[in-house]
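Have a look at the structure below before the remarks.
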Amino acid sequence: MNAVNVLEQVPIHTDAHGVVRVAGTRVTLETIVDAFAAGATAEEIAQQYPTVPLADVYAVIAYFLRHQPEVEAYLKEREALAGGVRREVEERFPSAGIRERLLARRQ
């Protein structure tokens, strides 16, 4: 049997907002990586996210394992961005006393 070199592209893309997603889906790289890190198998991940074919789950996990420092840096960057957005929302819409305000509205 002859060895055939087959190059396949990793089924991920970066959307207009800078979020890395599994190609053709709305499932993020972070979602797959987090599920894998939590101990889920590729089959379990594919079952939980039926828009992602099992082969793509395996390819994304392989990509993560081969490029772990880069993926982790990306995930930290996204986490920092989310923290900034969270702080901004909390500043604009403080939650302190919200229960009391809602109860006061009710009466």
- Output the residues belonging to segment 1-43 that are without any contact (Cβ under 8 Å) to a residue 24 or more places away in the chain and in a helix (DSSP H, G or I). 31, 34, 35, 37, 42, 43
- Hits in segment 1-45 - residues which are among the small types (Gly, Ala, Ser), surrounded by 18 or more Cβ atoms within 10 Å (Cβ to Cβ) and under 22 Å from residue 80 (Cβ atoms): 35
- Given the conditions (1) outside any helix (DSSP H, G or I); (2) of a type in the set (A, V, I, L, M); (3) closer than 19 Å to residue 17 by Cβ, every one holds for residue 96 apart from (3)
- Message: So the check is Cβ under 7 Å with 6+ separation or different chains; which pairs have a first residue in segment 78-95 that's surrounded by 10 or more Cβ atoms within 10 Å (Cβ to Cβ) and a second one that's modelled with pLDDT of 90 or more?
- Response: 78/30
- Residue check, residue 85 in contact with a Pro (Cβ under 9 Å, 6 or more places away or on another chain) and of a type outside the set (Phe, Trp, Tyr): no
- Message: Tell me the residue from 71, 52, 85 that is assigned to a loop (DSSP other than H, G, I, E, B), among the hydrophobic types (A, V, I, L, M, F, W, C) and out of contact with any Asp or Glu (no Cβ under 7 Å at 6 or more places or on another chain), please.
- Response: 52
- Query: among the acidic types (Asp, Glu), out of contact with any strand residue (DSSP E or B) (no Cβ under 8 Å at 6 or more places or on another chain), on the phi < 0 side of the Ramachandran plot and touching a residue at least 12 places away in the same chain (Cβ under 8 Å) - does that describe any residue in segment 44-56?
  - Reply: no
- Note on the structure: Within segment 22-58, residues touching a helix residue (DSSP H, G or I) at 6+ places or on another chain (Cβ under 7 Å) and within 21 Å of residue 77 (Cα to Cα) come out as 22, 29, 30, 32, 33, 35, 36
- Every listed condition ((1) without any contact (Cβ under 8 Å) to a residue 12 or more places away in the chain; (2) surrounded by 10 or more Cβ atoms within 10 Å (Cβ to Cβ)) holds for residue 74 save (1)
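The values are calculated or read from the model by the stated rules, or taken from the named source; none is laboratory data. All values reported here derive from a predicted model rather than from experimental measurement. With ideal geometry, Cβ positions are generated from the backbone for all residues, glycine too; neighbour counts draw on all protein chains shown.
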